[in-house]
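Each remark here refers to the structure printed beneath this line.
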Amino acid sequence: MAKGGVRELREALLGAADQGLMVFGESVRHTIYHYIERKYNVGREGILDRPEIFHEALDGLFGAGAKVIERLIGKSLCDRLSLDFQAFENWTLVDYVRNSGRLSMPS
């Protein structure tokens with residue numbers, strides 16, 4: 001992926017994560033990021049580099065509810081990258097991030 005593409009993906013993912021976690025409100029979103037940084041040593045800016053850790057943290061915090069949050073983040077990510085969103089039953093945030101460059105462009 002080109003340097004500009006990585007930057008665009010990083011900005012899109014951070015915005016999508018912010019938006020997805022905003023369902024809990026600003027202070028809870030901040031608390032979630034702080035918890036993940038302290039427990040998993042991954043700050044907000046490191047989500048793209050280690051999406052599997054972010055997934056693990058959300059799963060640990062929310063259990064089955066993490067799937068809903070990750071799907072919200074995945075949808076927002078696709079919207080931000082002007083991609084068609086498809087929900088896949090067994091996909092996690094890791095799958096949406098890794099496949100964001102291969103998802104079909106809208107017609």
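Read-outs throughout are calculated quantities, based only on the coordinates presented, and are distinct from any laboratory measurement. Computed from a prediction, not measured in an experiment: that's the story for all the values here. Cβ atoms come from the backbone with ideal geometry, glycine included; neighbour counts cover every protein chain shown.
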With +1 on each Lys and Arg Cβ and -1 on each Asp and Glu Cβ, how big is the dipole of the chain about its Cα centre, in debye rounded to the nearest 20?
140 debye
Could you order peptides 35-47, 79-91 by the average number of other Cβ atoms within 10 Å of their residues, highest first?
35-47, 79-91
Under 8 Å for C-alpha pairs, at least 6 residues apart: give me the relative contact order for the chain, rounded to a whole percent.
28 percent
Which one, GLY5, VAL97, LEU21, projects farthest toward the positive side of the charge dipole computed for the chain from Cβ point charges (K/R +1, D/E -1)?
GLY5
Against the longest principal axis of the chain, how steep is helix 51-62, in degrees 0 to 90 to the nearest 10, with axes from Cα atoms?
50 degrees
Estimated D of the chain in µm² per second, where Rh is the Kirkwood radius over Cα pairs and Stokes-Einstein applies at 37 °C, 0.692 mPa s
237 µm²/s
